[in-house]
Each structure stands twice: as C-alpha cells, then as structure tokens.
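The values are calculated or read from the model by the stated rules, or taken from the named source; none is laboratory data. Please read these numbers as outputs of a predicted model, since none were measured by experiment. When we count neighbours, we look across all protein chains shown, and the Cβ atoms used for this are built from the backbone with ideal geometry, even at glycine. Keep in mind that these areas ignore ligands, DNA and RNA; they rest on the heavy atoms of the full protein, side chains included. Shrake-Rupley method; radii C 1.70, N 1.55, O 1.52, S 1.80 Å.
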Amino acid sequence: MNLENLLNRLTLEEKIGMIHGCGIFETAGVPRLGIPPLKFSDGPMGVRNEFMQDRWVPIGKNDSITYLPSGGALAAAWSPELAYRQGQVLGAEARGRGKDVILGPGINIKRSPLCGRNFEYMSEDPHLIAQIVAPLIRGIQESDVAACVKHFAVNNQETKRMDIDVEIDEAAMREIYLPGFEAAVKEGVHTVMCAYNKVRGHYAGHSAELLDKILRDEWGFEGAVVSDWGAIHDTAEAAKVGMDIEMSYTPDFDDYYFAKPLLKAVRDGSVSESDIDKKVLNVLRLMQKLNMLGGERKRGCYNIPQHRAVAYDVAAESVILLKNEEKLLPLKPEKLKNLLIIGDNATRYHAEIGGSAELKVLYEIHPLLGISGRLGGNCEVTYTRGYAAETYELFDCNTHEISPEINNVKIHPPKPDEDLRREAVRLAAEYENVIFTGGLNHLQDRECFDREDMTLPYRQDDLIEELLAVNPNMIIIMHAGSPVDMSRWASKAKAIVWSYYAGCEGGHALADVLLGNVNPSGHLPETFAVKLNDYSSHSIGEFPGGEDGKVRYSEGNKVGYRHFDTANTEPLFPFGHGLSYTQFALSELSVNGAEIECAVENIGAIPGKAVVQLYAENGLYAFKKIPLNAGEKKQVQFTFEMPEKQKFRIGFSSRDIRLTGEIK
Ligand code: BGC
C-alpha cells in the first residue's frame, strides 16, 4: 500500500486522532480508510490486564497471561538465546490479547541499587543489555507486534521522575546509557518510549537531540516514538521534534497536547502540518510493518503450556548461586527427612503489584510450593513466616485521584511479629535443614518509588543473625530486583542463593536449583556492594539529586563495576559472579589478529553451563554461555570488531579472571 497516498486522503482531524491517546491504551483509527486504532499494553514481564477505555478499572475476563521472568532475571541468565525465546512468548501473548504494541523491554541502566524500577531493568552494563535486548525484540516482533523499548533516555530513578533534570556528559551518555537503545534500534525495534525526565535541560519527549539527532539521524530509527504516559508538556515543542504519539493517564483525551491544542497550533501556523504528516507517516509505516493495513496478520496466543515452559527455562538459568561453602547445596532429596522453610517471600505472590509492570496471572509458583511439590511425600516440609511484612488489597484506581503514581494498592502495615521471630529461631535450632527466603517485594521494588537505603526491610538482618547463630548451615535465599545490604551476615552464611523476580515458574526453578535438578548458571548482571556508598552515584552524593531539581551524573562512565574496579573497592559479589555445582577451567589462549580463542573445560563431575566473559579495557566486551558435560572441553572464539591495541581479560566474573592477553 502506498502510504503517502493514504496520508493524503486523511483530514487534519483524522491525522491528529492517530497521534494521541483516545483511550488510556489506544489511539483513534480512521475506519472509513481501514486504519485501525493502535492498541498498547504494558509491560515487560507479560501483557497487563485489560482496562476500561477511559479509566484505570480492570475489566478483563479470561485475560490471565504467562508471567515471565523480570528484566533482571532475564539478564542474569546471560543467554541471548533465552532472551529470544522469552521475546517470542511475550510477542505471541501480546498478539493473542489483541495488542499492537507491548510496552517493553525496559532497559535503563541500574545506576543506583535504590531505583524502584530496577527489577524491570536488566543491568548496570551496556554490553550485557545490548546482547539481551536485541534477541528479545526479535522474538517479540515475530508476532506482528511492536516492542517498545523504554525509557529513552537516562531514566535511572523514580524520585521526581516526572521532571528531574539529568546533567550528563556526552561521553558517559554514549558509553553507558545509550548503547542498549542503539542495539534495539539496530535490531529494528518498531517503537521507542521517551522518558519522563529532562536530559540537559530538555524533557526527553521534547528533545531534538535525543529524538532527531541521535535516534533518527545517527541510528536510522524508522519506527514511531511514543511518549511515556504524561511525558509531554508543550504542544509546539513536542510537535516539532520526532515525538510521534502522545499518551497519558488522564481521560481528558481531547485536551492532550497532541489533541485540540495541536489542531489549534496547526491552524494558527505555530506548528506546520508537515510536522504532523511525518508523525502520521511513522504511525502508518508502523501499522504496515505489523500487517495492520491489510494482509495476513499473526494471531498470537496466550497462557499456553509451551509459554510456561519458556518461563521455566529462563527462570532456571536466572538463579544465581552466590556462595556455597562446604557444598551445602544442592540438598540431597533422598536424604532429606524434614525441612524447615522460613520467610515471607516463601509464600508471597509478586506478580500483581509493582506499578505498570503488574500482571494478572493464572498462577505463580512461590518457593514453598515449588520446594514442597518437588520434594514429595517422603519429606516433611514445615513453614514458619519468621517476620511480618505488609499485606495489601487491590482496588480500582479510578475510585481515587488519577495520577501517574501507583495508587491502586491499599497497604496494611506489618503486625507485631515477636512471636513469629521466636518461633522461627526455636524451630531453626531443632531442624537440621533450614532455608530462609527473604529479600524485598514489590512494596519496595516498584514504580514511583526509590528505596532510602539498601537495608533489608522487616528487620530481616536481626532475624537472619539469630537464625544463623542457632543453625549455621541455614541456606539463605534472597529475592529482590536490586541489591540489598547483606554485609551483616554474608560472611557467616555458608550458602546464599539470589533470585530476581522470576515469573510464574520461579518457585519450581528455584526448587530445582536447590535440589540439584538444575545446575545453577545465573550470573550477576550488576555489582553487589558491601554498602550503599560503594556505588559511585552515592559516593559522590548524586542520588537522587538536589533540591534544584537536578541530578548530576558526575561519576561519568564509572558506573557499576567500572567504578569498583577503578576505585579499587572490593564488592560483596562482583559483576558477572555466579557459582555452579561443577567447576570450570579456562586454558589454551591464542590471539590471532582480532581473533581470540581459548578452551573452556568442565573439570567437575556433573554437566553445567559456563559463562565465559571477555573484558576489554572499557568493560565487558563479549560473553558466551556454554553447556559442558563432565570432563568436556570446548573451544570458544571471540572477535574484536574494531581491532585496536588493547589488553583484555577472560574469566568467569569481572573479578575472577583466568586469562589475560593483548590485541596488538
Ligand atoms: C510508565 C511506563 C508505562 C506507562 C503505561 C508509565 O507510568 O513509566 O513504563 O509503560 O506508564 O502504563
């Protein structure tokens, strides 16, 4: 179809209808010309439930979807192949639910551990993000659905997110904050969501530098830019740059900047119609790519067993074994007669809150169910909560003032829990096998909120210390979307396992790792520090910014391990770290021009997956996840794309370097 012709047949009013929300998750179509509305849905971990057209009131029936592992979990698997499979599921489910654009993946850099949305994001490292985001998008878009990579750009905190002004130098922006987005564009992502915040004095959604110069001129983006919900603040400013579709969260659709005010601006000449035409053409092109303007369009499907199997596979490779002294793990199911499980996260469901990433799910296997279900009738599993956390109720947002804040959760504070604590300690002393499952939940890891510090909530530190004192073999499982302070007990604990929010099959995956059915192969996509001030944004006092509404990224490119390495700060667990139940060795390094080759060998007794990481002078340059049987050895090749003289290191984490060399 000739899109220019189609464009020429549209009235100005029709064009304007196509570039702003006429519902909280859709634009207007033009039925007389066969142009359908564009339908959006959150979010990164699955398709969000159905809302009324003009209200945040869930109305969906039969719309429970597959709950996929979070961005953090996906990145922890260090597997582009799994990212692709997860993308296929997300795309098929979005299409299955009749959506055109799925509002994810979220790929902002984890600049501070306190950012409430870190759980949706992937990593502190641009290379890891780029390697995961590209196949994820490829998978999503196979179903005639657009991925929407967000939030462009430098949206790294929730505090004052609607207008915080980020001061950042060009080099840091290019090196750290943009490569993930560039990889998404190079992969052919159909839509990009602008961020709420300002970048160097301009709202991201009004920024000619971001939306015209970088996104379109430099990277050749041909899709459509969507505003974050309520990120536009001025009609002419946004109309004149490459911002295509204005979306927001209030029902006054005709008053959106790209609605009546834009019509008026075109009529009075302050915005030219050719600017509108560019936007409409971008929308039409997007629709054509999605086969929305005729042609055979993919159907999609949701909540099918095959999708749950992918959720399981990703979850299983996302679990990170942080510490395992005396080979406490895996547990030996044949020898386990009884097992004590302590902690609120053993039975907490995570999917349904957290902000726009919330989901209505058919089921979520929590750790207690996962472990009990796998252990079967020969082992008696006892559960005690150990500490009290908040409980909550969900209600329709619409009964309250509408805002971009998350206001559909009524929270009940934790009840006094001294009895729970005493009971847990008493039982832990009696049981030989004890598992503690704590960490954070989506009352801390959530949109519109940043934590105040890294301390574990609900006085978990006190409890963990008391429990370890009576049972030094207790296995500790931390669930969270961001690092927590483990410094009080990490050296005393013998076994620590980390799980990001891992989707509907998370409990099964975790159980399989604990019981040795799965050999863990997750690796940290971010640095776990001893204390908050070890992170560069905090050591310079630039999180979450000053009273003047600015946050200065004066740490430059020294984000995450780049900072720990230059400052010589010992992390608690370094970027890239993750243990296995087997051991791997690296050897036989050879360098031939830009080609690097080495051998990786499984020197243990069981099969496992090694993550071989190549670091160049600027940080992670390449990695490969390699399955190896016991005793098996494989060759691994890496190629430097732009060979220039530099030193490199190869290892199993940023601090576990086994081989070093130089490209001449
Ligand atoms: C969030 C976006 C989300 C949008 C729509 C915004 O508040 O920042 O990530 O996609 O709402 O729910």
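With respect to the stated conditions, residue 635 fails to be under 31 Å from the mean Cα position of the chain (by Cα) and modelled with pLDDT of 95 or more. Considering region 159-172, the residues that are open to solvent by less than 10 Å² (accessible area, probe 1.4 Å) and in contact with a strand residue (DSSP E or B) (Cβ under 8 Å, 6 or more places away or on another chain) include one that is farthest from the ligand (Cβ to nearest atom), namely 166. Just the residues that are within 26 Å of residue 573 (Cβ to Cβ), part of a loop (DSSP other than H, G, I, E, B) and of a type outside the set (Lys, Arg), please, taken from region 631-664. Residues satisfying the conditions are 652, 653, 654, 656. Entry remark, region 237-279: residues being under 23 Å from residue 215 (Cα atoms) and assigned to a loop (DSSP other than H, G, I, E, B) number 11 in total. The condition of being in contact with a helix residue (DSSP H, G or I) (Cβ under 9 Å, 6 or more places away or on another chain), assigned by TED's automatic domain parsing to the domain that holds residue 280, away from the ligand (no atom under 16 Å from the Cβ) and open to solvent by less than 10 Å² (accessible area, probe 1.4 Å) holds for residue 238. Close contacts from region 421-437, counting a first residue that is in contact (Cβ under 8 Å) with a residue 40 or more places away in the chain and a second that is assigned to a helix (DSSP H, G or I) and of a type in the set (D, E, K, R), with Cβ to Cβ under 7 Å and a gap of 6+ residues or different chains, come to 425/466. Just to be sure, is residue 263 farther than 27 Å from residue 189 by Cα, within 24 Å of the chain's Cα centre (by Cα) and either surrounded by fewer than 22 Cβ atoms within 10 Å (Cβ to Cβ) or outside the structural domain of residue 214 (by TED's automatic domain parsing) (or both)? So residue 263 does not fit the description; no. Taken as a whole, the condition of being touching a residue at least 40 places away in the same chain (Cβ under 8 Å), more than 13 Å from the ligand (Cβ to nearest atom), in contact with a helix residue (DSSP H, G or I) (Cβ under 9 Å, 6 or more places away or on another chain) and among the β-branched types (Val, Ile, Thr) does not apply to residue 149. For first residues located in region 188-213 and farther than 15 Å from residue 237 by Cβ and within 16 Å of the ligand (Cβ to nearest atom), partners that are of a type in the set (Val, Ile, Thr) and assigned to a helix (DSSP H, G or I) and lie 6+ apart or on another chain with Cβ distances below 8 Å form the pairs 189/137; 192/185.
Which one is most open to solvent (accessible area, probe 1.4 Å) among residues in region 315-333 that are in contact with a strand residue (DSSP E or B) (Cβ under 7 Å, 6 or more places away or on another chain) and assigned to a loop (DSSP other than H, G, I, E, B)? If we take residues in region 315-333 being in contact with a strand residue (DSSP E or B) (Cβ under 7 Å, 6 or more places away or on another chain) and assigned to a loop (DSSP other than H, G, I, E, B), then 328 is most open to solvent (accessible area, probe 1.4 Å). Where helices (runs of 4 or more DSSP H) sit wholly within region 1-87, those with at least 1 residues that are within 16 Å of the ligand (Cβ to nearest atom) and within 23 Å of residue 149 (Cβ to Cβ) occupy 71-76.
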